[in-house]
1. Please report, in debye to the nearest 20, how large the charge dipole of region 96-203 is about its Cα centre when each Lys and Arg carries +1 at its beta carbon and each Asp and Glu carries -1 there.
2. Each residue of region 161-168 in turn: what ³J(HN,Hα) in whole Hz from Karplus with 6.51, -1.76, 1.60 and θ = phi - 60°, glycine and Pro shown as x?
3. Can you order the peptides 255-266, 107-118, 240-251 by their average number of other Cβ atoms within 10 Å per residue, highest first?
4. Across region 102-115, in residue order, what do the Karplus-derived ³J(HN,Hα) couplings come to in whole Hz, using 6.51 cos²θ - 1.76 cosθ + 1.60 with θ = phi - 60° and x for Gly and Pro?
5. What's the exposure ranking of HIS161, HIS76, going from fewest to most Cβ atoms within 10 Å?
6. Sequence-distant or interchain residues sharing an amide H contact under 5 Å with TYR104, placed H: which?
7. Given H placed on each backbone N at 1.01 Å, which residues far from LEU38 in sequence or on other chains put an amide H within less than 5 Å of it?
Amino acid sequence: MSSRLRTHLLATLGVTMSAGCWSPCVSEAKMTTDDTELCLPADTGDADTAGSCPSATDALSMLAADSFACTVVSVHGEGTGADCCYPVTVECHDFSCCAYGRPYVAEGSVRSAEARPGAGWHPAAPMTPDLRGVSADQRRALAAFWTKNMLSEHSSVAGFHRFALDLLAHGAPLDLLLRAQAAIVEEVQHTRMCAALASAYAGAPIEPGPLPMGVAAPIASSLAELAAMTAKEGCVGETLAAWLAESMLRDATDPAVRHVLTRIARDEARHAAIAWATVRWAIEVGGAPVRAAVAAVFATGPGVPAPGDSAAEPGLVAHGFLPDRRLDQLALDGWREVVMPCIAALGALGGDRAAPWAVREELVCSAVAG
């Protein structure tokens, strides 16, 4: 799974390989927990320390990056086990309107519609999951899950419209504009398919309502701002959206759900490739100021999974459902397995390889040279 997406995106950056919730949100509350563990790879570098866990001090520097969700504020002991797991204190913010992918953002917050009764967004062909053996409680959970996905995809329709306007405003190559416009149509199709699934589980037609756009579409004021927004919403958001869709597809068994996730995973990988190509073009045209703006985005690092239950009932997983903590953990894995090698291939951070989130970056990025 990881190698396919990674190879596709690295190809966008001109790199070939041998086989071998990021979004801006509004903070609502803060909580701190001591009852959690985070794990790091064992040291595989120096022969004298190979197989050992990083020290607690080193672990804190690797894990302490600010994120949009949680921050590791302290490490309470040395790493244990083959996975080098550390007892940590994590400070988390409860955010509203978070979504992976490229949502529409205005006035500093993600804009999302509310669901309403209706079938105006449903695809022409029926899309009906197999509900045999699915309890009423499970159906409610799945309806809520796919409704959330529907609204996220709906917001991305506007997000790509705004992106296309940004490309026009800053003289981007025609190829990028055409690819962005194609992505708008694909996000519409994602919204329609998710609406059909949400309706099937709810037992009643559901569609997105009006999107609160704000007074004006926020167009990037400079090429550096365009590149930074694209790095955040596209290189990270869309890449993680593709990774999450592939992860959900791996575990889903319902044919209708697998059809939807297959389409979304394929399209989101293309959308991520558009973002990486756009950032590469912007750096080539804008030089050092653009590179610095992009580096500042990437240096922020990945999110840390919020404490909570990462397990889900098999009956729900079969229909694509994953709990928030599991999605957060998968997003962190996607950062390490796909986003970091693409950052290295892009060269956006120059010679600085000491960013606090760079957990064994040399191992992950060594695949680029493969």
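1. On the way: 10 positive and 9 negative charges, 54 e Å.
Once rounded to the nearest 20, the dipole reads 260 debye.
2. Residue by residue, region 161-168 yields 4, 5, 4, 4, 5, 4, 4, 5 Hz.
3. On the way: 255-266: 19.6, 107-118: 15.2, 240-251: 23.5.
Packing order, densest peptide first, comes out as 240-251, 255-266, 107-118.
4. 10, x, 7, 10, 9, 6, x, 9, 5, 9, 9, 6, 9, 6
5. On the way: HIS161 18, HIS76 12.
Fewest-to-most Cβ neighbours within 10 Å comes out as HIS76, HIS161.
6. Placed amide hydrogens put ARG111, SER156, GLY159 under 5 Å from TYR104.
7. Placed amide hydrogens put TYR86, VAL88 under 5 Å from LEU38.
All of the numbers you see were taken from the coordinates with simple rules; none came from a lab. The shown structure was predicted, so the numbers you read here are calculated from the model rather than taken from an experiment. Using ideal geometry, Cβ is built from the backbone for each residue, glycine included, and neighbour counts are taken over all protein chains shown.
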